[in-house]
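Read-outs: derived from the displayed coordinates by stated rules, not from any lab. Note that this is a predicted model, so its numbers are computed, not measured. Ideal geometry is used to build each Cβ from the backbone, glycine not excepted, and the neighbour counts take in all protein chains shown.
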Amino acid sequence: MEPVAKLRGIRQGYRRRDVIVDLDLDIRHGVLGLLGPNGAGKTTLLRTLATVVPPKRGAITISGVPVDSRRATMEARRRIGYLPQHFGYYPGFTVYDFVRYSAWLRGVPAREADAATREAIGFVDLTDRSRAKLKSLSGGMIRRCGIASAIVGRPQLVLLDEPTVGLDPAQRLEFRSLVRKLKDDRVAVVLSTHLVEDVAAVCDDVVVMAEGRLVWRGDPEALREVAAPDAEGDSPLERGYMSVLAAQGAVA
């Protein structure tokens, strides 16, 4: 089956500094966990995939269509949902207003926008708060609202950058349930996180980045199996992750 997204030879950076170097990656249906230390290039990779910034070099294909022109970029954005770690919103907006605005930004046709907005709000179990202003919501509800804004209009690729930062354990469990629902909907999800427990709970596939390169890929069980006997970590998966970084001379 054709990948939902393909990256080939991606080089990305700012001014003369390269953050991502010659990266190849296929993304298929399911949940791909993106692990790596600070500065590894995870956020830059998600921003590049989301077409926020074009790559300095290389090619991106979304749903079989090369993203190689302004028109192709606008079309690709309709198929991509992106939730940055720190996303902005107007505190006076209601949940409905915010998600409807996100639908407009993505180019959801006006005749479909209301139904798509209500569907996304229902997906994250905020229907009873759809008229509540964002400034009145808890941190967990704000995150759920952000996920609704990322999935409105049923994008084929959903990019989540550190979505559980600041959430308490109960809220993280709610988040994992939402990601499992996305997986059941045949959506390709890329989850960038520092929390290895989230990867263990919801991811089918894992990529480890270090210094702008992909240095390891496999499923969570394979990551557990590469753990060195003396590796640091409180779980087999953490020890496997730390072993991969140690082999690259990287520090988490």
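Here the spin labels are modelled as points 7 Å beyond Cα on the Cα-Cβ line, and at ALA222 and ALA246 they lie 2.1 nm apart.
Only helices enter the 222 nm calculation for the chain: every DSSP H run of n ≥ 4 contributes -39,500 (n - 2.57), and dividing by all residues gives -11500 deg cm²/dmol, rounded to 500. Peptides 25-34, 103-112 ranked from most to least packed by the mean count of surrounding Cβ atoms within 10 Å: 25-34, 103-112. Evaluated with a Cβ-only charge set (Lys, Arg +1; Asp, Glu -1), the chain carries a dipole of roughly 1340 debye about its Cα centre, given to the nearest 20. Look at the alpha carbon pairs under 8 Å that are at least 6 residues apart: their mean separation over the length of the chain gives a relative contact order of 24 percent. In region 139-183, which residues have a backbone nitrogen under 20 Å from the label point lying 7 Å from ARG111's Cα in the Cα-to-Cβ direction? Within reach of a label on ARG111, which here means backbone N under 20 Å from a point 7 Å along Cα→Cβ, region 139-183 contributes 153-155. Think of the chain as having a plus end and a minus end, set by charges on the Cβ of Lys, Arg, Asp and Glu; of LEU46, PHE98, VAL124, PHE98 sits farthest toward the positive end of this dipole. Taking a ≥ b ≥ c as the square roots of the Cα gyration tensor eigenvalues, with a/c under 1.5 meaning rounded and otherwise prolate when a/b beats b/c, else oblate, which class fits region 121-252? It comes out prolate by the Cα gyration axes. In this structure, ASP168 and ASP125 have a Cβ-Cβ separation that, at R0 = 22 Å, corresponds to a calculated FRET efficiency of about 0.85.
Look at PHE87, PHE98 and count the other Cβ atoms within 10 Å of each Cβ; fewest to most, that gives PHE87, PHE98. Summary of the geometry: region 1-33 and region 104-178, compared by the centres of their Cα atoms, lie 25 Å apart. Modelled spin-label separation between GLU75 and LYS133, with each label point placed 7 Å from Cα along the Cα-to-Cβ direction: 4.2 nm. Net charge dipole, region 1-102: roughly 340 debye, given to the nearest 20, about the Cα centre with Cβ charges of +1 for Lys and Arg and -1 for Asp and Glu. Put a plus charge on the Cβ of each Lys and Arg, a minus charge on the Cβ of each Asp and Glu, and nothing anywhere else: the dipole of region 81-220 about its Cα centre is then about 460 debye.
Each residue of region 236-245 was assigned a 3J(HN,Hα) from its phi angle through the Karplus curve 6.51 cos²θ - 1.76 cosθ + 1.60 (θ = phi - 60°); the sequence is x, 5, 4, 5, x, 4, 5, 5, 4, 5 Hz, with glycine and proline shown as x.
In region 157-252, Cα pairs under 8 Å separated by at least six residues give a relative contact order of 20 percent.
Counting pairs of alpha carbon atoms under 8 Å apart in space and at least six apart in sequence, what relative contact order in percent does region 58-172 give?
36
Geometric descriptor of the chain, per residue, is 127 Å³ (volume of the convex hull of the Cα atoms).
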